[in-house]
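Undergrad: Here it is, the structure, as structure tokens.
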Amino acid sequence: MDYQKIYTAFIADRRTTEHLAEILGYSEKHHIVPRSLGGGNEPSNLIRLTPEDHFFAHLLLAKIHGGKLWYALRSMYGDPGGRRGQSEGYLRRRRKAYARSRKGFAQVLRQRFEAGELYVQTPEFRAASSARQKAQVAAGTHHTQRPGASAAQRAAILALGAEGRLWGQSEEGRKHMSKKLREWWEANPATEAQRAVIGARSKAMAAEGRLYVQSPEGREKVRQWAKSQCGEKATRFVPTVHTLVDAAGATVRVTQLEMNTKLGLTRPLANLLVKGKISTAKGWSIKGVERKTLERKTLVGEKHHMYRPEVHEFRHVKGEVFVGTQFQFSEAMKFGRPAVSNLVRGHIAVTKGWYMAAAGFPELKMGSRWAKLLEN
């Protein structure tokens, strides 16, 4: 009998119904080409099977290759010894018994896990495991520190990671780890001391450029994520529908987002219109709100919607001091408002000899323009 042909057809058939194995509740991972024969953990060599099918797959492999493949099969049901362990009737019975025992064991484990009764979930186990690993690291006997096989293992893991083939890099893996981390942090909120340590460590890594979001790959993923969160997927998306009226009396019902996509209003302009900071935008106004016609000169100073009332201390390199708001300083010195805004925000250190007292004297090279200011 051509068991290899049967095995190939069996795997091909189960590949088409692989999703049903997971839907049925319990499934097991199977290496199509056994690892002992050179098979790897790549997705093309893995398949989810029911316990019955998993047992049958190993039975076929044992009949194809013999030798050590029989040990793999016997480890699934226990070796009774002699010819009885390979009889067809006995193996058929063991196939069903194996499936019942594996499903029952999985159900018990799941119940105990949900109840938090597993030993690996206890603080005692985590503390003992952590102490054991720390002792191994201190003694240089941890598996990650062993030469030879450990180095080869690390190299293999790094190679898989570079190819994006690790389970943790898959969409399923990332969602699973994200969910587990979120649940753990919700159940074990960080203390102020832990937050301070995490913050300091993150700042140090950011200063060295070692954060993932600082890498080209990380920045690209952030950009892609930001693009995917635009529009209705945005966290601040407001589905409220507004009725807008133009100067001719025509009306249209749109959300704030549609003001940008359909009417051509910029998002800041649409935001100001919805919040009532302005009454019209490109001829459109919200129905029921009085349309105001304002001259441009009236939208200055305290009447401007972007007026900042904070008082600052401005100093000149010659020692002069001015205390007032950003607008008052701009009017008194006849400076452009963008330049003063950049000075207050810290985007520039000095403008025409003036700097922010809170920022201190700017440490800049003394060029000819600076020298001329100081001489005068």
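The values are calculated or read from the model by the stated rules, or taken from the named source; none is laboratory data. All figures in this text were calculated on a predicted structure; none of them were measured in a lab. Glycine also receives a Cβ, built like all others from the backbone with ideal geometry; neighbour counts cover every protein chain displayed.
Undergrad: Take Ala281 and decide whether it is in contact with a helix residue (DSSP H, G or I) (Cβ under 6 Å, 6 or more places away or on another chain) and either touching a residue at least 24 places away in the same chain (Cβ under 8 Å) or within 26 Å of Tyr307 (Cα to Cα) (or both).
TA: On the way: in contact with a helix residue (DSSP H, G or I) (Cβ under 6 Å, 6 or more places away or on another chain): yes; either touching a residue at least 24 places away in the same chain (Cβ under 8 Å) or within 26 Å of Tyr307 (Cα to Cα) (or both): yes.
When the stated conditions are applied, Ala281 passes them.
Undergrad: Give the number of residues within the range 305-323 that are surrounded by 15 or more Cβ atoms within 10 Å (Cβ to Cβ) and in contact with a strand residue (DSSP E or B) (Cβ under 7 Å, 6 or more places away or on another chain). So that I can check it myself, show each step before the final result.
TA: Of the range 305-323, the ones surrounded by 15 or more Cβ atoms within 10 Å (Cβ to Cβ) are 312, 314-317, 322.
With in contact with a strand residue (DSSP E or B) (Cβ under 7 Å, 6 or more places away or on another chain) added as a condition, the list becomes 312, 314-316, 322.
Residues meeting the conditions: 5.
Undergrad: With at pLDDT below 85, over 30 Å from Pro43 (Cα atoms), surrounded by 10 or more Cβ atoms within 10 Å (Cβ to Cβ) and not small (Gly, Ala, Ser) as the only criterion, which of Trp167, Trp185 stands out?
TA: Values: Trp167 fails: over 30 Å from Pro43 (Cα atoms).
Going through Trp167, Trp185 in turn, the sole match is Trp185.
For (1) modelled with pLDDT under 85; (2) more than 23 Å from Asn271 (Cα to Cα); (3) in a loop (DSSP other than H, G, I, E, B), each residue gets a yes or a no:
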residue	(1), (2), (3)
Ala190	yes, yes, yes
Ala196	no, yes, no
Met205	no, yes, no
Glu232	yes, no, no
Thr235	yes, no, yes
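Undergrad: Suppose we keep only residues that are part of a loop (DSSP other than H, G, I, E, B) and modelled with pLDDT under 85 within the range 3-35. Which one would you say is farthest from Gln111 (Cα to Cα)? Explain how you work it out, then say what you get.
TA: We begin by selecting, within the range 3-35, every residue part of a loop (DSSP other than H, G, I, E, B); these are 17, 24-27, 32-34.
Next, only the ones that are modelled with pLDDT under 85 stay: 17, 24-27.
Working: Thr17: 27, Leu24: 17, Gly25: 14, Tyr26: 14, Ser27: 17 Å.
Result: Thr17.
Undergrad: A follow-up question, please. Do we find a residue being modelled with pLDDT of 90 or more, touching a helix residue (DSSP H, G or I) at 6+ places or on another chain (Cβ under 9 Å) and not polar (S, T, N, Q) anywhere in the range 362-376? If you could, list the steps in order and put the result at the bottom.
TA: Taking the range 362-376 as the starting set, the residues that turn out to be modelled with pLDDT of 90 or more are none.
Within the range 362-376, not a single residue is modelled with pLDDT of 90 or more, touching a helix residue (DSSP H, G or I) at 6+ places or on another chain (Cβ under 9 Å) and not polar (S, T, N, Q).
Undergrad: I would also like to ask the following. With (1) of a type in the set (Lys, Arg); (2) part of a helix (DSSP H, G or I); (3) at pLDDT 85 or above as the list, and Arg253 as the residue in question, which single condition is left unmet?
TA: Evaluating Arg253 over (1) of a type in the set (Lys, Arg); (2) part of a helix (DSSP H, G or I); (3) at pLDDT 85 or above leaves (2) as the failure.
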